[in-house]
Structure formats: structure tokens, C-alpha cells
Amino acid sequence: MLPFHERTAFEPACVATARRFVDRTLTSWTASDLAFDVQLVVSELVTNAMRHGGGAVQLRLLFHRPELACVVTDHSETVPVAAPADVFAEYGRGLRLVDALCTAWGWFAPGGSRKLVWAVLSG
């Protein structure tokens, strides 16, 4: 579990922190073979939390081979939506990338003013 401090939850550096957390955690679980895809998915989820969710609060990784789940908590109940495909758009490909790499992804709001966005990868 990786909590993000309030002052860094909006900074691009928290994406790098999340990627390092993924690398260290997967190495300790002897699942380094999943690192590239998991880092990519986590980067997208944390970036979305920063841009659209009021900041990333927490990142969790759950692993039961062959599946690994990434869960990012943010400060918003706003539903994440994959943007329509647009070759010329500067942004908006993140959730499409998550969808392509994962066996499933979604979100839920446990109450209050937070939501959890989750993604499951098979390895």
C-alpha cells in the first residue's frame, strides 16, 4: 500500500513514486515479469487521479497468481470515462490503454467523497 502525501498528490513526481513502488513490490513478490505492464497501468490510473480526481490518495497492489490488481483511490466520486478515439487529441488515451492491457477494470465509490479505480492484469 502506498499513501500519497497531500502536497505531492498533485505533482507529476507521485507518478514516478508509484512506478518505483510497483517495481519494488513486484520484485519482492518475484513477479518482475509483470512490471512493465503494471507500471504503465498504474501510471495511467495515478495520472487520472491527479488530473480528474482531486489527487491520488493511495495505491494498492494485490497479487494472487496469475492475477494482479491495482487500486488507486482519489478525492472524487466522478465516474472515469474512456474518451472517444481521437488520433489528434493530446490527452484521452489513458483508460483505453488500461482497457487494452487489463482483463477488467472499473471503479466504485465506497461512500464519502472518494472513489477507487481498479484494474486487473493477468500474468
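The values are calculated or read from the model by the stated rules, or taken from the named source; none is laboratory data. No experiment lies behind these values; they were computed from the predicted model shown. Note that each Cβ is placed from the backbone with ideal geometry, even for glycine, and that neighbours are counted across all protein chains shown.
Of all residues in region 35-45, those that are free of Cβ contacts under 8 Å to residues at least 40 places away in the same chain and either within 11 Å of Val71 (Cα to Cα) or in contact with a strand residue (DSSP E or B) (Cβ under 7 Å, 6 or more places away or on another chain) (or both) total 1. Restricted to region 103-114, and to residues there that are in a strand (DSSP E or B) and more than 14 Å from Leu59 (Cβ to Cβ), the residue that is modelled with the lowest pLDDT is Gly111.
Under the condition of being surrounded by fewer than 21 Cβ atoms within 10 Å (Cβ to Cβ) and either among the acidic types (Asp, Glu) or assigned to a strand (DSSP E or B) (or both), the residues counted in region 46-72 number 10. Scanning region 1-15 for residues that are assigned to a helix (DSSP H, G or I) and either over 12 Å from the mean Cα position of the chain (by Cα) or modelled with pLDDT of 95 or more (or both) yields a total of 1.
One line per residue, one yes/no per condition, for (1) among the aromatic types (Phe, Trp, Tyr); (2) more than 18 Å from Arg20 (Cβ to Cβ); (3) touching a Pro at 6+ places or on another chain (Cβ under 9 Å):
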{"residue": "Gln39", "(1), (2), (3)": "no, no, no"}
{"residue": "Val42", "(1), (2), (3)": "no, no, no"}
{"residue": "Thr47", "(1), (2), (3)": "no, no, yes"}
{"residue": "His64", "(1), (2), (3)": "no, yes, no"}
{"residue": "Arg93", "(1), (2), (3)": "no, yes, no"}
{"residue": "Ala100", "(1), (2), (3)": "no, yes, no"}
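Rundown of residues vs (1) among the polar types (S, T, N, Q); (2) out of contact with any Leu (no Cβ under 9 Å at 6 or more places or on another chain); (3) modelled with pLDDT of 95 or more; (4) at negative phi, yes/no style:
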{"position": "Val42", "(1), (2), (3), (4)": "no, no, yes, yes"}
{"position": "Thr47", "(1), (2), (3), (4)": "yes, yes, no, yes"}
{"position": "Met50", "(1), (2), (3), (4)": "no, yes, no, yes"}
{"position": "Gly53", "(1), (2), (3), (4)": "no, yes, no, yes"}
{"position": "Ala56", "(1), (2), (3), (4)": "no, no, no, yes"}
{"position": "Leu59", "(1), (2), (3), (4)": "no, no, no, yes"}
{"position": "Leu62", "(1), (2), (3), (4)": "no, no, yes, yes"}
{"position": "Leu68", "(1), (2), (3), (4)": "no, no, yes, yes"}
{"position": "Val71", "(1), (2), (3), (4)": "no, no, yes, yes"}
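Name every residue in region 73-97 that is hydroxyl-bearing (Ser, Thr, Tyr), surrounded by fewer than 18 Cβ atoms within 10 Å (Cβ to Cβ) and modelled with pLDDT of 85 or more, in order of residue number. Scanning region 73-97 gives Ser76, Thr78. Flag: Ala100 does not match the condition of being modelled with pLDDT under 95, surrounded by 19 or more Cβ atoms within 10 Å (Cβ to Cβ) and part of a helix (DSSP H, G or I). Please go through region 18-45 and pick out each residue that is buried (at least 17 other Cβ atoms within 10 Å of the Cβ) and not in a helix (DSSP H, G or I). The one that is buried (at least 17 other Cβ atoms within 10 Å of the Cβ) and not in a helix (DSSP H, G or I): Ala31. Assess whether Ala85 counts as being without any contact (Cβ under 8 Å) to a residue 12 or more places away in the chain and either in contact with a Lys or Arg (Cβ under 8 Å, 6 or more places away or on another chain) or closer than 20 Å to Glu11 by Cβ (or both). Spelling it out, Ala85 is indeed without any contact (Cβ under 8 Å) to a residue 12 or more places away in the chain and either in contact with a Lys or Arg (Cβ under 8 Å, 6 or more places away or on another chain) or closer than 20 Å to Glu11 by Cβ (or both).
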